[in-house]
Structure formats: structure tokens, C-alpha cells
1. Taking the alpha-carbon centroid of each part, what is the distance from region 336-361 to region 525-558 in angstrom?
2. Could you tell me the center-to-center distance, by alpha carbons, between region 366-400 and region 111-147 in angstrom?
3. Which GluC sites (Glu not before Pro) from region 430-522 combine a DSSP loop assignment with at most 16 other Cβ atoms within 10 Å?
4. List the residues, sorted by chain then number, that are 5 or more residues from Gly448 or on another chain and whose placed amide H is less than 5 Å from its amide H.
5. If you roll a 1.4 Å probe over region 496-621 with all protein chains in place, what percent of the accessible area is carbon or sulfur?
6. Test of the criteria: in region 301-366, which chymotrypsin sites (Phe, Trp or Tyr not before Pro) are in a DSSP loop and have at most 11 other Cβ atoms within 10 angstrom of their Cβ?
7. Report the one residue of Thr485, Gly514, Ser474 whose Cα lies farthest in the direction of the positive end of the charge dipole of the chain (charges on C-beta: Lys and Arg +1, Asp and Glu -1; origin at the Cα centre).
8. Among Leu115, Met76, Tyr88, flag the residue with its Cα farthest along the positive direction of the charge dipole of region 59-150, charges on Cβ as +1 for Lys/Arg and -1 for Asp/Glu.
Amino acid sequence: MNAAVRIDPETGLRLFNTRAAKASEKIAGKGYSVVTDQKLTELPKPPAGATFNAEEQAKYRAFKEVRRGAADYMAMEGDFRKYLDDVYSEPPIPREALDDECEILVVGAGFGGLLLWQKLNEAGFTDVRFCEKGGDVGGTWYWNRYPGIACDVESYSYLPLLDETGYIPSMKFASGFEILEHCQRMAQKFGFYDHCLFHTTVEATTWDEASGRWIVETDRGDKMRARFVILANGILTTPKLARIAGMEKFKGESFHTSRWNYDIDLSGKRVGIIGTGATAVQAIPELAKVVGELYVFQRTPSSIDVRAQRETTTEEREIWSKEPGWAAARRGRFARISEVRAAVLANDDYLSGKSPDFKERKIYDRKLTPEEFMQKQLDSSFRLMEQVRARVDAIVKNPKTAAALKPYYPYGCKRPTFHDEYLPTFNLPHVHLVDVAPRGVSEINERGVVHEGVEYPLDVLIYATGFQWMGTSSFNLIRGRSGRTLTEKWETEGTRTFLGLHTRGFPNLFIVTGPQGGGGSFNFTDVIYAHADYLIWMMQTMRERGAAVVDVRKEPEDKYAEHCRDADIATAPLRDCISYYNGEGKATPGSLAYYGGRAWDRFRMEAQSSLEPYVFEGDPN
Ligand code: NAP
């Protein structure tokens with residue numbers, strides 16, 4: 001046995017020392033700057049009387065239809081596998097392959113894994129093992145370290161375990177570097193590192209009916225048995241590339257934003273970036289500060305809302321340091337906000353408990369019909385988007401560039417973004433917006449990108465082309481009771497889960513924040529808390545009942561899938577555009593994200609009180 005694996009003399013459990021990351025020692029940076037120019041931190045007033053009338057609806061439809069079918073992505077395989085290398089760590093720590101058993105095996109050491117460990121440990125479940133692909137904790141925040149990275153949900157509600165660690169974020173929207181450090185803080189404080197196998201990727205998870213165990217195999221040669229498997233490996237984890245003719249020919253340097261190569265000095269270079277989603281919007285203003293020439297290849301503009309970044313005040317620090325539970329209380333208030341913009345821009349008076357509501361409520365003299373309510377939502381989304389478009393005109397000087405930067409789709413249909421420096425960046429003489437709408441970049445050669453016969457020679461090409469949504473790339477590696485994989489089940493029956501957490505035929509397997517996994521909040525952290533609390537309840541219930549195995553019945557699963565589909569269809573007009581949220585316009589309703597809001601809590605509470613959806617079996621030994 002080497003030092004990377006040892007036995008705890010007190011508990012008999014295996015403890016690990018496999019953390020390999022250089023962490024933030026070499027790579028530090030900042031997220032959003034504090035911008036004081038009021039012109040940049042406020043949206044222009046909404047145009048009087050603007051409604052989402054037939055003409056505007058036709059404009060939105062045309063914007064969508066010309067892009068239909070343009071999205072074409074590929075996995076990082078073959079020549080492109082190198083883009084997946086862990087550029088942030090030392091090589092993996094050598095260790096023996098494990099052939100043993102633990103009670104709970106969790107895949108992923110991001111927010112989900114870290115929070116689960118704190119809660120499981122507190123509830124007395126200590127025989128827990130984590131497998132993590134990266135060299136340290138952090139998940140999303142381990143992999144994504146591009147310049148400008150920050151959270152878009154206010155950090156006081158977004159960072160987990162602030163009360164328990166006594167940490168107060170430095171900014172309202174903390175940088176990704178600060179968030180990564182907080183992940184390390186959580187891991188250190190609660191002894192997570194002893195339980196985690198870093199640089200360990202799960203390659204097969206197979207249910208063994210005879211022993212009532214999952215057999216988990218990894219790329220390090222491990223073959224471990226576990227009573228429970230929890231997938232906490234994220235919903236936007238696997239990076240993807242746009243499939244572009246000739247991309248393998250490019251002779252310059254290239255990388256994907258989720259493996260930012262800080263060994264390449266970008267100063268003074270000709271740099272191209274493909275994609276203008278949430279990542280690119282944060283990275284572009286920072287890139288523009290160092291590169292020689294910047295070419296931004298944009299197929300569809302993001303909506304760029306105000307950020308209004310600020311530092312945490314001295315008063316807040318004083319109050320919070322004396323108020324136990326301040327973060328949980330604030331997160332609870334945040335979770336009550338069900339409108340995307342109100343949630344992400346988060347009103348401080350309400351969140352700090354000074355005012356009872358986050359907005360003034362309109363009182364209607366009668367209950368609106370569902371159609372009237374939908375029209376109201378579409379009108380208010382349209383007015384807000386008019387403000388977002390007016391902001392582009394107010395800031396960007398070149399009218400052609402400004403026209404290309406204006407998005408025509410409902411607010412929140414594509415991931416809304418927030419920045420007070422992004423639009424002004426396009427006024428800089430060395431920053432060039434290359435409008436590749438509506439079909440995108442379609443050719444790359446040895447020297448750079450070619451579009452409509454024009455060559456853009458580049459030293460460095462950066463792919464800001466996103467991640468697989470709601471596919472963790474592990475669903476096809478999990479084989480349940482029937483011998484089918486999870487992917488095969490969902491391909492034949494449609495996505496079928498109960499609460500997004502269980503799926504029939506895959507006993508003792510739990511999926512955190514996966515497809516159909518509601519929780520009713522825009523704050524991803526809130527959903528993780530809801531899922532972690534549910535799993536603790538489930539494991540305690542099983543202990544109390546002396547049950548070894550839990551599966552779910554067919555009817556509740558079917559009913560839940562139907563509910564997910566209906567909720568998706570009912571709210572679809574608010575998301576009528578081409579977006580990864582709806583599988584680039586191709587997803588079956590209800591198969592990906594959850595749109596039922598608080599109904600998830602109702603399903604959960606009913607199940608917890610009646611236990612009717614569950615089939616409990618066996619003796620735990
Ligand atoms: P993304 O939103 O999926 O963006 C991919 C971009 O690539 C899109 O702009 C897409 O254009 C473009 N694209 C694809 N193929 C192209 C082609 N051939 N030519 C030109 N453009 C092409 O990915 P992302 O920006 O990495 O963001 C992913 C998600 O990560 C976000 O939505 C967010 O949830 C999360 N994220 C969060 C934060 C945060 O919290 N602060 C920051 C960054 C990311 P189309 O739009 O036309 O398809």
C-alpha cells in the first residue's frame with residue numbers, strides 16, 4: 001500500500017491522499033469589475049406602449065427559423081481528445097487499484113459532492129467515497145478558470161455552507177477563483193479530502209442483483225462495490241466542440257474555455273473566439289485587455305443585462321458575522337423569487353430581510369386565464385428585451401455592430417447574461433465582431449477562420465462552444481436491473497424519473513440535479529440542498545425500515561414524466577427559440593430541465609408522507 005491509500009485505525013475505513021491540483025497557486029484572476037458609470041449599470045427605460053404584437057412575433061419567429069438546424073456539435077474524440085486534458089493539475093498521484101466495498105459512492109466533487117458529504121457525515125453516514133475526474137474539488141469551478149469567470153447568482157445565496165464555514169464572499173458576484181477557493185475551504189473543513197479519489201473517472205456502474213450492490217469500475221483499474229451510488233457529476237459537465245470543416249488543420253494554438261491554457265501568452269496576439277454564450281460574454285472583456293487583435297465569431301447574440309457588481313459592505317460583514325444562519329435565511333428568501341430576472345439581479349433590501357417582498361404586487365380584479373397570464377409574461381419579456389436592445393444602441397457606436405448584437409427572442413430563452421463591460425468592448429479599435437449569423441463558422445484552415453470568403457488569420461483560437469446539457473456522459477455507462485443502460489431506457493421509454501432523483505430499474509441510484517430534477521429555484525445551489533436533504537431522508541428512512549434496496553413503482557414514475565411534459569409544454573412560449581435548454585429545438589417536452597416550479601415540492605412531500613411511490617426490499621446485510 002502506498003501513502004495515497006491508508007486505513008483509518010479508528011473506523012477501519014480507507015482514507016485517501018490523492019489531491020493533485022496546483023489549485024489556484026498559478027492561476028488567479030478576477031471576475032466582474034465594479035463599474036461606476038451609471039450609463040453602463042442601468043437599462044434604458046422601457047419604450048412606452050411596447051407590446052409583443054404580430055409584427056414583433058414574426059420578427060422573433062424569423063430569427064429562430066433561420067437558425068433551425070444550424071447547431072452541430074461533436075464530442076472531443078480522436079485528435080480533439082487533447083482538449084479534455086487536465087491542464088490545472090500535476091499528473092495523477094499513483095495509487096493501488098481498489099477492489100473493496102463502501103456504503104455510498106458519489107460521483108463528483110463539485111458543489112453537489114461537497115454538500116452531500118457535509119450532510120451525510122452530519123447525519124452519521126461516514127462510509128462514503130467520492131470519485132472525481134479532476135485533480136481537486138470544485139467541479140464546474142475546478143474546470144472553468146477562464147479570465148473574467150464569476151457566478152451570476154449573488155454569491156451570498158449561491159456559495160454553499162457559508163454559515164458553517166464562517167466565510168463571507170468579498171463581492172456580490174464572486175469570481176470563479178474565489179469560488180474555487182471556497183470549495184477547497186469546504187473540503188478542508190469537513191474532511192472531504194480523505195474520502196475522495198481524485199483523477200478517477202467512473203467508466204462502468206453495473207447493478208448486481210445477487211449481492212444488491214453496484215459494481216463501480218474506473219479508469220484507474222478500481223472495481224468497487226457500493227450499496228448506493230449518487231451521481232453528482234453535473235448537468236453541464238462534458239465540454240463540446242462545434243463541428244467545423246477543416247478544424248483539425250489549424251496550425252496555431254487552440255483550446256476550449258473549460259481547459260484555459262494559461263501557458264499560452266495571449267498578449268499582443270491575434271486571438272479568435274467562437275461562441276458568444278455566458279462564458280464568452282465574461283471572457284471577452286478580459287481578453288480584450290491583453291490581446292493584440294480580438295475576433296469574436298458570433299452566430300447568435302446573448303442578451304446582455306446589467307451586472308451592477310459591488311463589494312460586500314463593511315456593514316454587511318458586521319451584521320452577518322454576528323447573525324448565525326444569515327446565509328441560509330438569505331438563500332431561503334432568494335428561493336421564493338420565481339422570475340428569472342428578479343432572481344438573478346436580486347434585490348438587496350428583500351434578500352437581507354429589510355423589505356417583505358422583492359417587488360410590488362399588482363392586484364387584479366379577477367383571476368387571469370392561463371392564456372391572459374401567458375400573454376402578460378410574454379409582453380413583459382418583450383419590454384425587457386426592448387430595454388436590452390436599447391442598451392446595445394446606447395453603448396455600441398458602430399451601427400452595424402450594434403444591429404448584430406441585438407437578440408430577438410424571449411428573455412431567458414437562451415441563458416441570460418450580465419455584464420457592464422462587454423458591450424463597450426466592441427467600441428475598441430482592436431476588437432472585431434464577425435457576424436456569422438445565422439449558420440455559424442463553417443470553415444477553418446491552417447491559418448485561421450474563413451467566413452464568406454474572408455480569411456481571419458489567428459495565432460490562437462478559443463472554442464467557447466459550451467457543454468452537453470443534462471447529459472453527464474455517464475448515463476450510457478450505468479446498467480440497471482434489466483441489463484439495459486440508463487440511456488437505453490430513456491431512449492426507448494422517454495426520460496422517466498421520479499423527482500429526477502430515482503429511475504425505475506436502477507435501484508439505490510440517485511441523480512442529483514439531472515433531467516426532470518426540479519427544486520423550484522433559479523439558484524442551482526438551492527436545488528442541490530433540496531436534493532441532498534431528500535437523499536438524507538431516504539437513507540434514514542431505509543435505515544429505520546431495515547430496507548436494503550429502494551426502487552420506484554411504474555405509475556408514479558409515469559405520472560411524474562407526464563407532469564414534466566405538461567409543465568414544459570405549458571411554459572414553452574416563454575422559451576421559443578433555439579437554445580441548448582431545448583436540445584437546440586429538438587428535445588421531447590419534459591425530457592431535459594424541469595419547468596414545474598414548486599410542484600416538485602408537492603410531489604416530494606406527498607411521496608415522503610405516503611411512501612406510496614417506493615418499493616423497499618431486503619435486509620441491509
Ligand atoms: P453555450 O451557451 O452553449 O454557448 C455556445 C456558443 O457557441 C453559442 O454562442 C453558440 O451559438 C456558439 N456556436 C456553436 N457553434 C458555432 C459555430 N459553428 N459558429 C459560431 N458560433 C457557434 O456555452 P457557454 O457560453 O460555455 O455557456 C454554457 C453554460 O455554462 C451557460 O449557459 C451557463 O449555464 C454556464 N455558465 C455559467 C456561468 C456563470 O454562472 N457565471 C458562466 C459561464 C457559463 P448559438 O447560440 O447560435 O448556438
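1. The distance from the Cα centre of region 336-361 to that of region 525-558 comes to 31 Å.
2. The distance from the Cα centre of region 366-400 to that of region 111-147 comes to 39 Å.
3. Sparse-neighbourhood loop GluC sites (Glu not before Pro): Glu446, Glu452.
4. Under 5 Å from the amide H of Gly448 lie the amide H atoms of Leu458, each far enough along the sequence or on another chain.
5. Here carbon and sulfur together make up 51 percent of the probe-accessible area.
6. Passing sites in region 301-366 are Tyr364.
7. It is Gly514, whose Cα lies furthest towards the positive end.
8. Result: Met76, furthest along the dipole toward the positive end.
The values are calculated or read from the model by the stated rules, or taken from the named source; none is laboratory data. Quantities reported herein were computed from a predicted structural model and do not represent experimental measurements. Here the Cβ is made from the backbone with ideal geometry for all residues, glycine too, and neighbour counts use every protein chain on show. Surface areas here come from the heavy atoms of the whole protein model, side chains and all, with no ligands, DNA or RNA. Shrake-Rupley method; radii C 1.70, N 1.55, O 1.52, S 1.80 Å.
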